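Structure first, then comments.
The values are calculated or read from the model by the stated rules, or taken from the named source; none is laboratory data. In this text the structure is predicted, and so the values were computed from the model without any measurement. Here the Cβ is made from the backbone with ideal geometry for all residues, glycine too, and neighbour counts use every protein chain on show.
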Amino acid sequence: MKMKFCGAVLALVTATASYAQSVNKGDQQILKELAQANMAEVAAGEIALQKSESADVKKFAQQMVDDHTKGLQAVQNVARAKNVTLPMEPDARHKQMAEHLNTLSGAAFDKAYLADAGVKDHKAAHAKVAEAQKKATDPDVKALAAELQPTIDKHLQTVQGLASGKQ
């Protein structure tokens, strides 16, 4: 009897601990979208490192790979702690963007990379993390969004300057 009671208590504690670490569907979606955004920036940055002929664009691309790899790791750490399964590859839109970037070269590549992976995606990421800070209910998800915001804002400012010089 005592053994059954201990087993039941252990099962309840384990279930409670597991439940306490999970997040609602909205916060799960935030984590998935943040993972997608970071994966897409890493992938696009890697393409730019191979294809761009501009030292400034390559420097920016390396910064994207470095910063978004760190950002993805931060998202993965929170997701793991909250029992959230993240996507393993960029979404269809970003795969299509990567395919398009791979067809370009020279100034046309730089312009498209800076406009799409740079300005457009960082504006979207800025809006996404700002919304996450307001709508997330889990304090760790909210803190993650706040942690990512300054880096995204810096990237947006940098890429807008680069893009205006490549017009």
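Details
- For the range 73-90, filtered to residues that are surrounded by fewer than 16 Cβ atoms within 10 Å (Cβ to Cβ) and not aliphatic (A, V, I, L, M), the residue that is modelled with the lowest pLDDT is Glu89.
- Qualifying residue in the range 83-92 (condition: among the hydroxyl-bearing types (Ser, Thr, Tyr), farther than 18 Å from Thr151 by Cβ and in contact with an Asp or Glu (Cβ under 9 Å, 6 or more places away or on another chain)): no
- Failed item in (1) outside any helix (DSSP H, G or I); (2) within 23 Å of Leu31 (Cβ to Cβ), with Met64 passing the rest: (1)
- Test for Asp140: is it in contact (Cβ under 8 Å) with a residue 24 or more places away in the chain and either aromatic (Phe, Trp, Tyr) or farther than 14 Å from Met64 by Cβ (or both): yes
- The single residue among Gln50, Gln133, Gln73 that is part of a helix (DSSP H, G or I) and more than 17 Å from Leu31 (Cα to Cα) turns out to be Gln50.
- Scan of the range 87-133 for residues that are farther than 22 Å from Asp153 by Cα and polar (S, T, N, Q), ordered by number: Gln96, Asn102, Thr103, Ser105
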